[in-house]
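The structure appears below as structure tokens.
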Amino acid sequence: MQAETPPNRRRENRRKTRLRPGKLVTEGGEFLCDCTVIERSESGARIRAFAPVTTLLPEDLFLFEEIEAFKHRARIVWANGAELGLVFLAPGFAVDDQERNRIAGRFYAVSD
């Protein structure tokens, strides 16, 4: 993970998302932190995490977009303070209602 924003190497234009809510989740499905999706394209996103990003987050994770109930397997490619650049490693996919409630329902951040 790099400490500053690299030059723009985007394959596609990103579009602003009006600060959509999201969650970062481990590959095993554990909640990491809440976030806001600032910009997004088909191949990646710029997010603002609501947790200390330099020490707590693994390089590979999932971005869960709450409004669409989509998960994207992603890799952190840069970090600048609370903002992260993510590249999607595979197409996003819809989650079912049970998974949606587990990730974003009441008490989602409480682990067993």
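The values are calculated or read from the model by the stated rules, or taken from the named source; none is laboratory data. In this text, all values refer to a predicted model and were calculated from it rather than measured experimentally. FYI the Cβ positions are ideal-geometry reconstructions off the backbone, even for glycines, and counts take in every protein chain you see. To get the accessible areas, we keep the full protein, side chains included, count just its heavy atoms, and leave off ligands, DNA and RNA. Shrake-Rupley method; radii C 1.70, N 1.55, O 1.52, S 1.80 Å.
Could you report the accessible area of Phe62 in Å², rounded to 10, computed with a 1.4 Å probe on the protein chains as they sit in the structure?
Roughly 10 Å² of Phe62 is accessible to a 1.4 Å probe.
Suppose R0 equals 35 Å; then what is the FRET efficiency for Ser41 and Tyr108 from their Cβ-Cβ distance, rounded to the nearest 0.05?
FRET efficiency, Ser41 to Tyr108: 0.85.
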